[in-house]
1. In what sequence, highest mean first, do 58-67, 133-142 appear when ranked by Cβ atoms within 10 angstrom?
2. Once the Cβ-Cβ distance between ASP101 and PHE227 is put in as r, and R0 is 35 Å, what FRET efficiency do you end up with, to the nearest 0.05?
3. Full-extension gain between SER61 and ALA81, please, as 0.36 nm times their residue separation minus the C-alpha to C-alpha distance.
4. Keeping all protein chains in position, work out how much accessible area ARG217 exposes to a 1.4 Å probe, and write it in Å² to the nearest 10.
5. For the range 171-213, what value does the Rg/Rh ratio take when both radii are computed over Cα atoms and Rh is the Kirkwood radius, given to two decimals?
6. On full extension of the chain, what length is gained from LEU70 through HIS41, given 0.36 nm per residue of separation minus the C-alpha to C-alpha distance?
7. What distance in nm lies between label points placed 7 Å from Cα along the C-beta direction at ASP216 and SER131?
8. List every residue whose amide H lies under 5 Å from the amide H of ALA74, counting only residues 5 or more places away in sequence or on a different chain, with H placed 1.01 Å from N in the peptide plane.
Amino acid sequence: MKGLTGLMVAIALGVGAGVLNWFYLVRQSQRAETVAFIGIHADQYVGRGEQLRNEHLVAVSVPREAVGNLREFAVLDAARATVVGQAVARPIDGGRLLLQDDLDTPPPKLALGEDERIMWIPVDSRSYVPSLITPGDMVTFKVARMAPASAAGSADPETGRPPAPAGPVERIGPFRVLSVGNRLGSAEVMQAAKIPQMQENVLGISITPEVEGRADRLWALVQAADFRSAGIEKHGAPKAPALSLSGRSP
């Protein structure tokens with residue numbers, strides 16, 4: 001009886017060891033599987049706006065089990081052929097992965113919605129920082145109403161133009177910015193693509209049926225001021241709604 005018990009124990013131990021060995025082999029095989037991403041050679045440096053060359057790049061293998069959501073941010077080595085020749089949007093030091101954001105490029109053209117139009121408004125580029133305004137931002141315009149003719153004073157003897165409006169300032173907005181001069185994206189991406197910034201004193205704004213009324217008012221004031229530059233105020237980003245413990249907005 002004791003011999004049978006010993007045999008059963010030995011069989012059980014053998015089966016347990018086999019199962020553990022199988023799990024170990026599966027684990028090791030999973031670790032052996034890797035996903036290759038594009039990295040920048042440790043001895044390379046890519047300047048902003050410079051085109052990527054094959055000698056800049058190196059394959060970086062990451063264990064599949066450790067990839068997680070890295071695919072959402074880094075560029076797969078399988079896409080190397082499409083990456084070579086692209087300009088980078090910011091300087092890249094060697095020794096790190098190439099990120100998708102490194103390859104941002106300016107929008108190829110102005111994209112308008114079905115019921116959307118664009119209206120250009122002259123602004124005073126001396127009174128704001130153009131690089132801090134990005135298409136998609138919300139702005140409010142500040143336009144001074146024309147002062148009565150009796151209070152405006154005489155015209156400038158050199159230019160023949162009447163003096164600047166001295167009436168009260170009216171704020172009109174908000175409007176969504178579509179363009180800053182010829183720029184349709186961020187200033188950094190524009191610089192990376194080596195496209196010169198022009199006409200920073202003209203903002204293109206989105207006109208939809210919801211904002212037509214105040215857009216007409218803005219245009220009337222700008223026209224009445226002889227198309228003198230308007231001031232602008234940039235709005236802060238809207239806050240995300242607070243979530244309750246159930247995950248729903250209150």
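1. The peptides rank, most packed first, as 133-142, 58-67.
2. Efficiency, rounded to the nearest 0.05: 0.35.
3. Once the chain is fully extended between SER61 and ALA81, it gains 5.4 nm.
4. Its heavy atoms expose roughly 100 Å² to the probe.
5. Details: Rg = 12.7 Å, Rh = 11.7 Å.
Taking Rh as the inverse mean 1/r over Cα pairs, Rg/Rh reads 1.09.
6. On the way: separation 29, 0.36 × 29 = 10.44 nm, distance 1.91 nm.
The LEU70-HIS41 span can extend by a further 8.5 nm.
7. Label at ASP216, label at SER131, 4.1 nm between them.
8. Those lying under 5 Å, H to H, from ALA74 are GLN100.
The values are calculated or read from the model by the stated rules, or taken from the named source; none is laboratory data. Here the structure is a predicted model, which means the values were calculated and not measured. Backbone-built Cβ (ideal geometry, glycine too); neighbour counts: all protein chains shown. Surface accessibility is based on the protein's heavy atoms, side chains included, excluding ligands, DNA and RNA. Shrake-Rupley method; radii C 1.70, N 1.55, O 1.52, S 1.80 Å.
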